[in-house]
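Working notes for the structure below.
The values are calculated or read from the model by the stated rules, or taken from the named source; none is laboratory data. Everything quoted here is computed from the prediction, not taken from an experiment. No Cβ is skipped: glycine too gets one built from the backbone with ideal geometry, and neighbour counts run over all protein chains shown.
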Amino acid sequence: MAESAAPLLATLKAIVGETNVLTSDADVASYVIDWRGRFQGKARAVVRPASTAEVAAVVNCCAEHGIRIVPQGGNTGLCGGATPRDDGSEVVLSMSRMNRMRALDVENATLTVEAGMPLARVQQIADDAGLLFPLSLGSEGSCTIGGNLATNAGGTAVLRYGNARELVLGLEVVLADGRVWNGLKGLRKDNTGYDVKQIFLGSEGTLGIITAAVLKLFPRPRASATAFAALSGVDAAVALLDPLRRALGDRLTGFELISADCIALTRAHFPALPDPLPGESWYALVQADDAAQESELSAQLEAALAAAVERGIARDATIARSAAQASDLWALREHITEAQRLEGPNIKHDISLPVSCIPAFLREARAELDAALPGVRYVTFGHLGDGNLHYNLSAPAGTTASAFLAETARANRIVYDLVARFGGSFSAEHGIGQMKRDELARYKPGVEVELMQRIKRAVDPLGVLNPGKVVG
């Protein structure tokens, strides 16, 4: 370590303790590479504060030394938003030690937790209190609530409960100048000017460091029903969504679209998983939940699906008759990402579209990509109920990883240009990070990008927080 870094490191160690300032290559290795292994950086140090006061002191220290900070939660992001750059000049600020519950208010249906608490632990605390925190995603065992809020995470229950930003009532945030904004209010109505917390939700740590949050809780479901429907095409999936909404109302929690190619890929790598209703091209995984003591939810879902089969919307359907069967059906969906990683190199697209436009988009995208990348394989799945598709491409058989990944820019342009033409978004729930900065500049209206840049300069004029991410 260069001698010029000694005063900085000495001060950081005095703030958080010597064992919580990591500098050796072995100690920092897991903090400087993203989950997909796509972005590899370097760090001057990894600092692990245990309190909001320590976070504020670290920010002050780094600002005084002209050192930029990369906030990091569980490091499960997919766009390089929590990975430092490769010049080794930045400090990674890990929130892993800030993992405590501060308050549980059952009567107000709120839970106040620190940013480093894993999402699965938040869910468990709510469940133990007879309540529900509905944010749910594949990495929930390792991602943290602060990272979820900083990226405005989506997941499988957005159809009913909304994205992460809709599940927050209050925040505590350390600002770029080291001051602490304590907005930890559990109010559902507070019409006193700008809703300041919203600028930090989804800002990916570029405007402030979220240290704690007041989260909304909901009644815990007492009845759940999970179904798997076989469909002739994506048009049929869209057609199925409306009658299910009408039959179930807001009890329809999730509506996932899965291609037969996804099922085949997942079962090839995880052969113990079930193969319900084989032989069709597309499937819908449906989840419904009801908090009522006496619920006819399962019967109502079964009746709605039977009517859909009778009308030719669905070809067949099966309903889970136990929690274990429901878990197996969801495992098919949740293992797709890992199966594709095991399969080899892939080009991922996290896009959103108006639900009504999804079939036309898929037809046109396939036609253009088939022409540009002959033999490309499609791994298409996602949250159809809220218009979010994970439109991923795998290499043609026999194509090397390097040759296929060299086509990333061309594939992205085809996909994102079409998404824009259909009025969609090139980033639905994974954020911008460093991977999609150029896409943001290309597809966002100039005035919108300018407003984002103005906000960044206003709250972080020295560019201390998460440099090189989201906007310049």
**Q.** Residue satisfying all of: in region 132-148; of a type outside the set (S, T, N, Q) and at pLDDT 95 or above; farthest from the chain's Cα centre (by Cα) among these
**A.** Leu132
**Q.** The lone exception for Ala10 - which of (1) more than 29 Å from the chain's Cα centre (by Cα); (2) part of a loop (DSSP other than H, G, I, E, B); (3) among the small types (Gly, Ala, Ser) it fails
**A.** (2)
Q: From the list Leu241, Leu231, pick out the single residue that is aliphatic (A, V, I, L, M), over 30 Å from Gly170 (Cα atoms) and in contact with an Asp or Glu (Cβ under 9 Å, 6 or more places away or on another chain).
A: Leu231
Q: Taking Gly183 as the residue in question, decide whether it is small (Gly, Ala, Ser), modelled with pLDDT of 95 or more, closer than 30 Å to Ala63 by Cα and touching a Lys or Arg at 6+ places or on another chain (Cβ under 6 Å).
A: yes
Q | Odd one out for Pro219 among (1) surrounded by fewer than 16 Cβ atoms within 10 Å (Cβ to Cβ); (2) without any contact (Cβ under 8 Å) to a residue 60 or more places away in the chain; (3) under 30 Å from Ala324 (Cβ atoms) | A | (2)
Q | Filter result for Asn392 (surrounded by 13 or more Cβ atoms within 10 Å (Cβ to Cβ), touching a strand residue (DSSP E or B) at 6+ places or on another chain (Cβ under 9 Å), within 29 Å of Arg363 (Cβ to Cβ) and of a type in the set (S, T, N, Q)) | A | yes
Q: Confirm whether Ser322 is in contact with a Lys or Arg (Cβ under 9 Å, 6 or more places away or on another chain) and more than 27 Å from Leu389 (Cβ to Cβ).
A: no
Q: Only residues that are closer than 11 Å to Gly41 by Cα and surrounded by 21 or more Cβ atoms within 10 Å (Cβ to Cβ): list them for region 75-90, please.
A: Gly80, Ala82, Thr83, Pro84, Glu90
Q: Give the residue that is nearest to Gly147 (Cα to Cα), with candidates limited to residues of region 414-452 that are loosely packed, with under 13 Cβ neighbours inside 10 Å and among the small types (Gly, Ala, Ser).
A: Ala441
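Kindly indicate whether any position in region 36-43 is out of contact with any His (no Cβ under 9 Å at 6 or more places or on another chain), part of a helix (DSSP H, G or I) and modelled with pLDDT under 95. Steps first, answer last, please.
Looking only at region 36-43, we keep the residues that are out of contact with any His (no Cβ under 9 Å at 6 or more places or on another chain), and these are 36-43.
Then keep just the ones that are part of a helix (DSSP H, G or I); that gives none.
Looking through region 36-43, none of the residues is out of contact with any His (no Cβ under 9 Å at 6 or more places or on another chain), part of a helix (DSSP H, G or I) and modelled with pLDDT under 95.
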Q: Would you mind telling me which numbered condition in (1) surrounded by fewer than 20 Cβ atoms within 10 Å (Cβ to Cβ); (2) in contact with a Ser or Thr (Cβ under 7 Å, 6 or more places away or on another chain); (3) not in a loop (DSSP other than H, G, I, E, B) Gln287 fails?
A: (1)
Q: Name every residue in region 13-35 that is in a loop (DSSP other than H, G, I, E, B) and either within 18 Å of Gly468 (Cα to Cα) or over 31 Å from the mean Cα position of the chain (by Cα) (or both), in order of residue number.
A: Gly17, Val32, Asp34
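Filtering region 37-71 down to residues that are within 18 Å of Ala10 (Cβ to Cβ) and β-branched (Val, Ile, Thr), which residue is surrounded by the most Cβ atoms within 10 Å (Cβ to Cβ)? Reasoning before the result, please.
Going residue by residue through region 37-71, those that are within 18 Å of Ala10 (Cβ to Cβ) are 43-49, 54, 57-67, 69.
Next cut, β-branched (Val, Ile, Thr) only: 46-47, 58-59, 67, 69.
Values: Val46: 24, Val47: 25, Val58: 25, Val59: 27, Ile67: 19, Ile69: 25.
Out of the qualifying residues, it is Val59.
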Q. Identify, please: which residue in region 104-134 is surrounded by fewer than 22 Cβ atoms within 10 Å (Cβ to Cβ) and among the acidic types (Asp, Glu) and is, among those, farthest from Lys216 (Cα to Cα)?
A. Asp128
Q) Quick one: which strands (runs of 3 or more DSSP E) sit completely within region 306-404 and have at least 3 residues that are in contact (Cβ under 8 Å) with a residue 12 or more places away in the chain, in contact with an Asp or Glu (Cβ under 8 Å, 6 or more places away or on another chain) and not assigned by TED's automatic domain parsing to the domain that holds Gly254? A) 377-383, 388-394
